[in-house]
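Reading through the structure tokens given below for one structure.
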Amino acid sequence: MNIGVGRGSTGRPRTRRTELLSIGRTLFARTSYDALSMDDIARSAGVAKGLIYYYFGSKRGYYLAVIEDSVADLLARATGRPELPKAERVRRTVDGYLRYAQRNESAFRTIVTGGVGCDSEVQSIREAVRAELVATIAEGAYGSREVPPLAALALLGWLSGVEQITLAWLGDPVPDREAVGELLTRLLRATLATIEQLEPSCPQPEPEESDTGRSALRSMGIGTVQQSGTQAEFEPVPGGG
């Protein structure tokens with residue numbers, strides 16, 4: 001995945017390009033690709049149509065640049081702080097992902113849904129960002145970006161669930177981000193426990209309990225994951241059914 005700055009990469013031209021990309025995120029999130037003309041884009045951006053051609057070459061070039069810019073922003077937020085301990089880095093990755101989705105909902109939906117229609121280049125970008133996020137989680141959990149195929153599949157399955165949970169949460173943002181982050185982290189912990197059972201070369205990292213997150217989950221009537229040997233067990237909330 002090549003996320004470059006294209007023409008006009010310094011000073012005011014770069015600022016103008018960044019502004020156009022920001023406008024593009026909103027436009028393509030709420031309007032179908034085919035329904036948007038270059039005239040529509042230029043009108044919304046308040047610029048001459050030729051300026052968009054200058055920076056991006058075509059409407060498709062503009063659309064792909066918007067997707068790649070959104071992906072770069074998401075990855076920057078979700079994959080930072082590699083110096084942190086493993087468990088904390090995993091938690092930070094989840095929180096960075098949710099923060100990005102919450103603050104950039106239109107862009108997030110574009111990334112996760114693959115944009116407009118069935119576009120092989122957009123799908124390729126989606127697969128690249130998924131692969132990077134899975135590698136980041138693997139590195140945070142195991143200290144290596146490369147893991148056995150079964151472990152990679154399990155992490156990809158967890159990430160697919162994260163995408164759908166986040167989309168649903170954006171539509172109705174209750175509970176708060178911290179509780180959702182704790183939920184996703186605990187789901188990941190259960191996934192890592194399963195991976196350890198099936199792939200002993202990938203031992204689960206030692207959990208670092210979050211008192212705040214645990215309290216938030218318990219207030220919602222949700223139990224916590226406790227480890228017993230290699231088994232992930234669900235601890236119910238008293239009186240929670």
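Just the residues that are in contact with an Asp or Glu (Cβ under 8 Å, 6 or more places away or on another chain) and open to solvent by less than 60 Å² (accessible area, probe 1.4 Å), please, taken from segment 150-160.
Ala151
Restricting attention to segment 128-143, which residues are open to solvent by 30 Å² or more (accessible area, probe 1.4 Å) and either touching a Cys at 6+ places or on another chain (Cβ under 9 Å) or modelled with pLDDT of 95 or more (or both)?
Tyr142
Quick one: in segment 75-106, of everything that is within 19 Å of Glu19 (Cβ to Cβ) and not charged (D, E, K, R), which residue is surrounded by the most Cβ atoms within 10 Å (Cβ to Cβ)?
Checked segment 75-106; the qualifying residue surrounded by the most Cβ atoms within 10 Å (Cβ to Cβ) is Asn104.
Determine, yes or no, whether Val147 is of a type outside the set (Phe, Trp, Tyr) and open to solvent by less than 40 Å² (accessible area, probe 1.4 Å).
Taking the combined requirement at face value, the residue satisfies it.
Here is a list of conditions, (1) assigned to a helix (DSSP H, G or I); (2) without any contact (Cβ under 8 Å) to a residue 60 or more places away in the chain, and Ala29 meets all of them except one; can you say which number that is?
Going through the list (1) assigned to a helix (DSSP H, G or I); (2) without any contact (Cβ under 8 Å) to a residue 60 or more places away in the chain, Ala29 breaks only (2).
What do you reckon, is Thr185 within 30 Å of Ile23 (Cβ to Cβ), in a helix (DSSP H, G or I) and either among the hydroxyl-bearing types (Ser, Thr, Tyr) or at pLDDT 90 or above (or both)?
No, not satisfied.
When the residues of segment 161-182 are narrowed to those that are open to solvent by 40 Å² or more (accessible area, probe 1.4 Å) and assigned to a helix (DSSP H, G or I), which ends up farthest from Arg91 (Cα to Cα)?
Gly171
What are the residue pairs meeting all of these: first residue in segment 100-118, first residue at pLDDT below 75, second residue not in a helix (DSSP H, G or I), Cβ atoms under 6 Å, and 6 or more apart or on different chains?
Qualifying pairs under 6 Å: Val116/Ser32; Val116/Tyr33.
With (1) among the β-branched types (Val, Ile, Thr); (2) more than 30 Å from Ser201 (Cβ to Cβ); (3) surrounded by fewer than 19 Cβ atoms within 10 Å (Cβ to Cβ) as the list, and Ile125 as the residue in question, which single condition is left unmet?
Here Ile125 clears every test but (3).
Exactly one condition in (1) surrounded by fewer than 20 Cβ atoms within 10 Å (Cβ to Cβ); (2) under 19 Å from the mean Cα position of the chain (by Cα) is false for Ser58; which is it?
(2)
The values are calculated or read from the model by the stated rules, or taken from the named source; none is laboratory data. Note that this is a predicted model, so its numbers are computed, not measured. So basically every Cβ, Gly included, is an ideal-geometry build from the backbone, and we count neighbours across all protein chains shown. With ligands, DNA and RNA removed, areas are computed over all heavy atoms of the protein, side chains included. Shrake-Rupley method; radii C 1.70, N 1.55, O 1.52, S 1.80 Å.
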